[in-house]
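Peer 1: Below is a structure I'd like to ask you about.
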Amino acid sequence: MSYIEILILRRLQGGPAHGYELRKRVEETTGVVLHNNSLYPALKRFEEAGAVTKAAEPQPGRPPRLVYTLTATGRDLLHDMLADFPADQAADDSEFMARLGQFSLLSLTERAVVLATRHAAVTRRLAHYRAMHDLATQHGERWGAVATAELIRQDERELAWLGELAELDR
């Protein structure tokens, strides 16, 4: 599952919606632009899993539009997707931010696990950037050293921020 699917289910938690309305809800609240080729296959998978129901809503002079509603199974699935943060996704900024934005749906322990998983991923990435910076410096690659120095600065700042986030729950 990906952060796109988290965003879809989270926006359906606000009430039933047809596809276009759901796309707009996601875009307005996150800035993420959903395309039909990602939205409708996800909705189909959710429907097959019992996470959403689909009903045809009549429209005068037009074909009926399909309205999707989140089920109890869908709410459980959303929770599980938020709480499950595989290490291979933890370095992805979008995956982390999708979960962070929904922390109110997770328990204190679940939030701590997500933060620890992200911390470990950023720490690994930072070590890689430091090695890259050393190589760039050793080989006189000025711009490579400048670029990696900025990446190092960003990850060091994020590690400090993750510590601040963890403190919010204490």
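The values are calculated or read from the model by the stated rules, or taken from the named source; none is laboratory data. Treat the numbers as computed from the prediction; the structure is a model and nothing was measured. Don't worry about glycine lacking a Cβ; one is built from the backbone with ideal geometry, like all the others, and counts go over all protein chains shown. Please note that ligands, DNA and RNA were not included when accessible areas were found on the heavy atoms of the full protein model with its side chains. Shrake-Rupley method; radii C 1.70, N 1.55, O 1.52, S 1.80 Å.
Peer 1: Is it the case that some residue within region 63-76 is within 30 Å of His119 (Cβ to Cβ), of a type in the set (Lys, Arg) and without any contact (Cβ under 8 Å) to a residue 60 or more places away in the chain?
Peer 2: Within region 63-76, none of the residues are within 30 Å of His119 (Cβ to Cβ), of a type in the set (Lys, Arg) and without any contact (Cβ under 8 Å) to a residue 60 or more places away in the chain.
Peer 1: Answer with yes or no whether Glu47 is modelled with pLDDT of 95 or more and farther than 20 Å from Met97 by Cα. Write out each step before concluding.
Peer 2: Numbers: modelled with pLDDT of 95 or more: yes; farther than 20 Å from Met97 by Cα: yes.
So Glu47 passes the test.
Peer 1: Among the numbered criteria (1) open to solvent by 60 Å² or more (accessible area, probe 1.4 Å); (2) within 15 Å of Leu165 (Cβ to Cβ), which one does Arg118 miss?
Peer 2: Only one criterion is unmet by Arg118, namely (1).
Peer 1: On the given criteria, is Leu115 within 21 Å of the chain's Cα centre (by Cα), in a helix (DSSP H, G or I) and closer than 13 Å to Arg10 by Cα?
Peer 2: On the way: within 21 Å of the chain's Cα centre (by Cα): yes; in a helix (DSSP H, G or I): yes; closer than 13 Å to Arg10 by Cα: no.
Here the answer is no, as Leu115 does not meet what is asked.
Peer 1: Do we have Ala98 as modelled with pLDDT under 95, closer than 24 Å to Leu77 by Cβ and not polar (S, T, N, Q) here?
Peer 2: On the way: modelled with pLDDT under 95: yes; closer than 24 Å to Leu77 by Cβ: yes; not polar (S, T, N, Q): yes.
Yes, satisfied.
Peer 1: Let me ask something additional. Just a yes or no: is a residue in region 137-149 among the basic types (Lys, Arg) and open to solvent by less than 60 Å² (accessible area, probe 1.4 Å)? Quick ask: steps written out before the conclusion?
Peer 2: Pass one, region 137-149, residues among the basic types (Lys, Arg): 142.
Now drop any that are not open to solvent by less than 60 Å² (accessible area, probe 1.4 Å), which leaves none.
For region 137-149, residues among the basic types (Lys, Arg) and open to solvent by less than 60 Å² (accessible area, probe 1.4 Å): absent.
Peer 1: Please go through region 31-47 and pick out each residue that is part of a helix (DSSP H, G or I) and open to solvent by 60 Å² or more (accessible area, probe 1.4 Å).
Peer 2: Initially, region 31-47 is screened for residues part of a helix (DSSP H, G or I), giving 36-47.
Scanning region 31-47 gives Asn36, Asn37, Tyr40, Lys44, Arg45, Glu47.
Peer 1: Another one. Exactly one of these conditions fails for Ala56: (1) closer than 24 Å to Glu167 by Cα; (2) open to solvent by 60 Å² or more (accessible area, probe 1.4 Å); (3) among the aliphatic types (A, V, I, L, M). Give me its number.
Peer 2: Of (1) closer than 24 Å to Glu167 by Cα; (2) open to solvent by 60 Å² or more (accessible area, probe 1.4 Å); (3) among the aliphatic types (A, V, I, L, M), only one is false for Ala56: (1).
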